[in-house]
Every structure is written in C-alpha cells, then in structure tokens.
Amino acid sequence: MSDKPNLVVLTGAGISAESGLSTFRDNNGLWNEYSVYEVATPEAWQQNPELVLEFYNQRRREVRQAQPNAAHQAISDAEADFEVTVVTQNVDNLHERAGSSQVLHVHGLITLARSSINEQVFELHDKDIQLGDHCPAGSQLRPHVVWFGEMVYHMDAAAQAISKADYLLVIGTSLSVFPAAGLVDEAPVEAHKALINKEADNVPPGFEVFQGSAAQLTPQILQAYPKQT
Ligand code: NAD
Ligand code: APR
C-alpha cells in the first residue's frame, strides 16, 4: 500500500492543443469543420463508412506526428510523488508517450482498431483502417473511438479513482459532454480541486481556477503541490 497521496487528472482536448491536435469546440475546433453527425455517430458509420474512416485516419496521422507537451510530461513526472491516475476524454496516446502508466481512455484510443461486432481491439501501429479491413470474425474494422450515443469506457474505474483522490486536477476540457463531465462530482469534499483552462467559463463549484495555457500552468501547479516529506 503506497503512502503517496492520490492524484487524479481529468483531461480533455485542451491538454493536447499545444501539441498541435485540434480541440472540438474552440473556434478552429473539429466540430466547426465537420458535423458530429457526419463522422462521429453510429448512423454516420452506417451511411458513409469511408468518410468516417478517413476522418479518423487523418486524425490518427496527426496524433502520430504530434509530441507530448510539458503538461503531459509534468503529469508523468508527478508519479514520483503521487499515485497518479489519468482519466482522459482524449483518444490520442500522448499521456502514454509522456510516460504516464495509469491512463483510462473513457472515449477510446484512436491508435487501436476494433471489431464492429465485438470488443476485440487491435494495435494499428503505422497503418490506417480501410474499407475491407476485417477482424478475425469477419466484420469491418472500425476506429476504437466512442461515438455520440455509444457507451463510454472505464467509468466505474474512473469514478472509483476520483472518489479516493486527495487531489483532482481538471485540464483542458469544456466539461460539456456527459457522462465524462459528471465525473468531477465524484471527488470527496476534502479533496483539493483545481482546474486549468484557457477559458474559465464552466467551472464546477469548489474548484480553484487557473486560466491559461495547460503546457505552462500544469508543471507550475504540480510542482507547488505538497510533496511527501
Ligand atoms: P452526449 O449526448 O453526452 O453529448 C452530446 C454532446 O455532443 C453535446 O453536449 C455537445 O457538446 C456535443 N454535440 C452534439 N452535437 C454536436 C454538434 N453538432 N456539434 C458539436 N458538438 C455537438 O454524448 P453522447 O451522444 O451520449 O455520446 C457518448 C459519448 O461519446 C460522449 O461522452 C461523447 O463525448 C463521446 N464522443 C466521442 C467522440 C470522439 O471522437 N472521441 C465523438 C463524439 C462523441
Ligand atoms: N490550455 C488549456 N485549455 C485549453 C487550451 C490550452 N492550450 N486550448 C483549449 N483549451 C480549452 C478550451 O477552452 C476548451 O474549454 O480546452 C477545452 C476543450 O474543450 P472541447 O473542445 O469541448 O474538448 P473536450 O472537453 O475534450 O470534449 C469532450 O466531446 O466531442 C466529444 O468525445 C469528444 O472527448 C470529446 C468530448
């Protein structure tokens, strides 16, 4: 049993913005360029699988080109002083590539493909998913990404981790999409709660707000947290 304090970090698209990956609802966000209903719903997948595959193939190529930024790195470095659980809405793998060892992807992981008829997932390595790529059970492979209307992953584990948090740090999310956004309510009253965001327009009660860049503020804030003496 570790005597390190528990730190849970809940992240959204904003933590990866400074790695060059588009957010969803900023001015140049993905949902301004694409309609959710064309590329991120089960209906879109039925109607136009090629467009959906190309949308995620393009985002996957961008993820492969991107590098973790100082925010991802600071969260990984915090494992020296905290039991760290990362709960991320992001489908990029920048937390893992920065060295974080406990990452819960509630919306899936774009570097994996999934069978369309079961939960089997497959590492894509440097490949895209094309129409006609089938799983061993013979179904078309799809991106291992949660679409609107689908169930999200790891919610029990995420809620469990947050319910035991000594520190909860929310970074780069508009907290506008449920059920992920509702996880902030699982934190114990006595937990230290802080939020880093470029805009401070949706802050749950009890959270200390740090408005600005995730890459600049995350290292500063984690450095200021009391360390085990
Ligand atoms: P939800 O109903 O809880 O969220 C719907 C949200 O989607 C809305 O609050 C709004 O923020 C957004 N939205 C809906 N239509 C939109 C539009 N036209 N333009 C921009 N934003 C729009 O989510 P759900 O429908 O129950 O989906 C289940 C889960 O799937 C959610 O947690 C969602 O975050 C996730 N998801 C993941 C991806 C992805 O690419 N990773 C894409 C879509 C949804
Ligand atoms: N530093 C800090 N915050 C930032 C930065 C930055 N450099 N850049 C953007 N932000 C903030 C924006 O102000 C916004 O509040 O990050 C937030 C990003 O919010 P969204 O674009 O809504 O992304 P997210 O909250 O992750 O969306 C949740 O919606 O479409 C679904 O499944 C998809 O996981 C996604 C979910």
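Which residues, counting only those in the stretch 84-110, are of a type in the set (D, E, K, R) and in contact with a Leu (Cβ under 7 Å, 6 or more places away or on another chain)? Let's see the steps before the verdict.
From the stretch 84-110, those of a type in the set (D, E, K, R) are 92, 96-97; that's our starting set.
Hit for the stretch 84-110 is 92, nothing else.
Only residues that are within 21 Å of residue 180 (Cβ to Cβ) and in contact (Cβ under 8 Å) with a residue 40 or more places away in the chain were counted in the stretch 79-101, giving 11. Looking at 54, 33, just one residue is at pLDDT below 95, more than 16 Å from ligand 2 (Cβ to nearest atom) and of a type in the set (D, E, K, R), and that residue is 54. The residues of the stretch 3-52 that are of a type in the set (Gly, Ala, Ser) and crowded, with 19+ Cβ neighbours inside 10 Å, listed by number, are 12, 13, 14, 16, 17, 19, 40, 44.
When you look at residue 168, is it in contact with a Lys or Arg (Cβ under 8 Å, 6 or more places away or on another chain), modelled with pLDDT of 95 or more and among the aliphatic types (A, V, I, L, M), yes or no? Spelling it out, residue 168 is indeed in contact with a Lys or Arg (Cβ under 8 Å, 6 or more places away or on another chain), modelled with pLDDT of 95 or more and among the aliphatic types (A, V, I, L, M).
Exactly one residue out of 32, 28 is free of Cβ contacts under 8 Å to residues at least 60 places away in the same chain, polar (S, T, N, Q), under 27 Å from residue 72 (Cβ atoms) and outside any helix (DSSP H, G or I), and it is 28.
If you go through the stretch 183-203 one residue at a time, how many are open to solvent by less than 20 Å² (accessible area, probe 1.4 Å) and either within 16 Å of ligand 1 (Cβ to nearest atom) or in contact with a His (Cβ under 8 Å, 6 or more places away or on another chain) (or both)? I'd like the intermediate steps shown before the answer.
Step one: of the stretch 183-203, the residues open to solvent by less than 20 Å² (accessible area, probe 1.4 Å) are 183-184, 187, 191, 194-196.
Then drop every residue that is not either within 16 Å of ligand 1 (Cβ to nearest atom) or in contact with a His (Cβ under 8 Å, 6 or more places away or on another chain) (or both), which leaves 183-184.
Adding up the residues that qualify gives 2.
Note on the stretch 57-105: residues that are surrounded by 22 or more Cβ atoms within 10 Å (Cβ to Cβ), over 14 Å from residue 218 (Cβ atoms) and in contact with a Pro (Cβ under 7 Å, 6 or more places away or on another chain) amount to 0. For the stretch 107-137, what are the residues that are aliphatic (A, V, I, L, M), under 29 Å from residue 179 (Cα atoms), open to solvent by 60 Å² or more (accessible area, probe 1.4 Å) and modelled with pLDDT of 95 or more? Within the stretch 107-137, 121 is the sole residue that qualifies.
Scan the stretch 169-183 and give yes if some residue there is out of contact with any Ser or Thr (no Cβ under 7 Å at 6 or more places or on another chain) and assigned to a strand (DSSP E or B), otherwise no. Outline the logic, then answer.
Step one: list which residues in the stretch 169-183 are out of contact with any Ser or Thr (no Cβ under 7 Å at 6 or more places or on another chain), which gives 169-170, 174-183.
With assigned to a strand (DSSP E or B) added as a condition, the list becomes 169-170.
Looking for residues that are out of contact with any Ser or Thr (no Cβ under 7 Å at 6 or more places or on another chain) and assigned to a strand (DSSP E or B), one finds at least one in the stretch 169-183, hence yes.
Among the residues of the stretch 128-146 satisfying the criterion of being in a loop (DSSP other than H, G, I, E, B) and touching a residue at least 40 places away in the same chain (Cβ under 8 Å), which is nearest to the chain's Cα centre (by Cα)? The residue in question is 146.
Tally time: how many residues in the stretch 167-182 are open to solvent by less than 10 Å² (accessible area, probe 1.4 Å) and within 11 Å of ligand 2 (Cβ to nearest atom)? Working first, answer last.
At the first step, the residues of the stretch 167-182 found to be open to solvent by less than 10 Å² (accessible area, probe 1.4 Å) are 168-171, 180-181.
Pick out the ones that are also within 11 Å of ligand 2 (Cβ to nearest atom) and you get 170-171, 180-181.
Qualifying residue count, the stretch 167-182: 4.
The values are calculated or read from the model by the stated rules, or taken from the named source; none is laboratory data. All values derive from a computational prediction rather than experimental measurement. Every residue, glycine as well, gets a Cβ built from its backbone with ideal geometry; the counts of neighbours run over all protein chains shown. Calculation scope for accessible area: heavy atoms of the full protein, side chains included, ligands and nucleic acids excluded. Shrake-Rupley method; radii C 1.70, N 1.55, O 1.52, S 1.80 Å.
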